[in-house]
Amino acid sequence: MANSPSGDSMTDRLVRVLETFTPTRTVQTSAEIGRRAGLPSSSAHRIVAELVDAGLLERDESRGIRVGMRLWELATRSSGALRLRQVALPFMERIQARVGEHTQLAILEQDEALFLERLSHPDAVTNITRVAGRLPLNASSSGLVLLAYADPEVRDRVLSGRLIPLTPATITDPATLRRTLGEIRLQGHVVAPGYIEDVSTGLAVPVRNAAGAVVAALSVVLPRDAPTESALAALHRAARDIERAL
Ligand code: PHB
């Protein structure tokens, strides 16, 4: 791929442009994209125009740039995550009908929990999870389950990195986190009261593939002091059913 005068390849620049979009920054101008991607404005305008022509980016009614449906279509088409989501969805709907708050499915991706799906109720407690958004492994219930069953190298890397607190209840001490991960493996679930937001409790269980490897975390978010037994039972049952269907 042709390199720019600064030595970065076209692919590098395309990736930097696409990565300026985040779950909360979904519309930008070309100038903002260029600044955030570290590109001269002429290059940014040209790359954005080419991506718009290809349908990978789109202009909205006020000429802001957002991710194009074509990019969503291509990215979603062949992904193993899509199959997992499709298999899980009917069982997630059953949990959601029972708990009536939030039900979510996440996978481990680059040392974070990446959310594939979230079902919610209009009157449910607040929830910072977004579909295609990420949460830290040490702070979210899904992240804790994914970390508990992750490869030892991933666990060691996360435990020796920065464990950022989102609330006073978030686990940030490596020894406490290691102990908690052991308890999750023993119990087969986690209850995470107030780790992400003071007002809520996350509950999560692992979902395994046919070979027994944990491939996802299934979770619910409840108001902080809500009872957890029936939601945990619904999660365990759904995880078993998804495993059978996978
Ligand atoms: C959790 O998974 O623990 C969780 C996620 C989002 C929230 C609260 C809790 O807003």
Worksheet item: Based on what the data block shows, is LEU135 under 26 Å from GLU19 (Cβ atoms), in contact with a helix residue (DSSP H, G or I) (Cβ under 9 Å, 6 or more places away or on another chain), buried (at least 18 other Cβ atoms within 10 Å of the Cβ) and not basic (Lys, Arg)?
Response: yes
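Name every residue in the stretch 176-191 that is part of a helix (DSSP H, G or I), in contact with a helix residue (DSSP H, G or I) (Cβ under 9 Å, 6 or more places away or on another chain) and among the hydrophobic types (A, V, I, L, M, F, W, C), in order of residue number. Working first, answer last.
From the stretch 176-191, those part of a helix (DSSP H, G or I) are 176-187; that's our starting set.
Next, only the ones that are in contact with a helix residue (DSSP H, G or I) (Cβ under 9 Å, 6 or more places away or on another chain) stay: 177-178, 180-185.
Result: LEU177, LEU181, ILE184.
Every residue in the stretch 82-92 that is open to solvent by 30 Å² or more (accessible area, probe 1.4 Å) and within 12 Å of LEU116 (Cα to Cα), please. Please lay out each step first, then the result.
Step one: list which residues in the stretch 82-92 are open to solvent by 30 Å² or more (accessible area, probe 1.4 Å), which gives 82-83, 85-86, 89-91.
Selection gives LEU82, ARG83, ARG85, GLN86, LEU89.
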Worksheet item: For the stretch 135-149, what are the residues that are in a strand (DSSP E or B) and near the ligand (Cβ under 8 Å from one of its atoms)?
Response: LEU135
Worksheet item: When you scan the stretch 50-73, how many residues do you find that are touching a residue at least 12 places away in the same chain (Cβ under 8 Å) and either of a type in the set (Val, Ile, Thr) or surrounded by 12 or more Cβ atoms within 10 Å (Cβ to Cβ) (or both)?
Response: 12
Worksheet item: Condition test on ARG157, is it modelled with pLDDT of 95 or more, outside any loop (DSSP other than H, G, I, E, B) and either within 16 Å of the chain's Cα centre (by Cα) or over 20 Å from THR103 (Cβ atoms) (or both)?
Response: yes
Discussion item. Among the residues that make up the stretch 202-214, is at least one of them within 16 Å of the ligand (Cβ to nearest atom), open to solvent by less than 10 Å² (accessible area, probe 1.4 Å) and either among the hydroxyl-bearing types (Ser, Thr, Tyr) or not assigned by TED's automatic domain parsing to the domain that holds GLU112 (or both)?
Written reply: no
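Touching a residue at least 24 places away in the same chain (Cβ under 8 Å) and either more than 13 Å from LEU71 (Cβ to Cβ) or open to solvent by less than 40 Å² (accessible area, probe 1.4 Å) (or both), is that true of THR29?
yes
What residue, of VAL199, VAL191, is within 12 Å of the ligand (Cβ to nearest atom) and touching a residue at least 60 places away in the same chain (Cβ under 8 Å)?
VAL199
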Item to complete: Output yes when any residue across the stretch 105-119 is open to solvent by 70 Å² or more (accessible area, probe 1.4 Å) and within 22 Å of VAL207 (Cβ to Cβ), and no when none is.
Response: yes
Worksheet, complete the sentence: Only one of (1) within 16 Å of the ligand (Cβ to nearest atom); (2) within 17 Å of the chain's Cα centre (by Cα) does not apply to PRO165, and that is (2)
Discussion item. Could you check the stretch 221-246 and list, in sequence order, the residues that are open to solvent by less than 60 Å² (accessible area, probe 1.4 Å) and in a loop (DSSP other than H, G, I, E, B)?
Written reply: ALA226, THR228, LEU246
Fill in: Positions within the stretch 102-134 being under 9 Å from the mean Cα position of the chain (by Cα) and either in a loop (DSSP other than H, G, I, E, B) or within 12 Å of the ligand (Cβ to nearest atom) (or both), in sequence order
LEU105, ALA106, ALA113, PHE115, THR129, ARG130, VAL131, ALA132, GLY133, ARG134
Discussion item. Quick check on the stretch 102-118. Is at least one of its residues of a type in the set (Asp, Glu) and touching a Gly at 6+ places or on another chain (Cβ under 9 Å)?
Written reply: yes
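The values are calculated or read from the model by the stated rules, or taken from the named source; none is laboratory data. Everything quoted here is computed from the prediction, not taken from an experiment. Counting neighbours? That spans all protein chains shown, and the Cβs are built from the backbone with ideal geometry, glycine included. The area values use the complete protein model at the heavy-atom level, side chains included, leaving out ligands, DNA and RNA. Shrake-Rupley method; radii C 1.70, N 1.55, O 1.52, S 1.80 Å.
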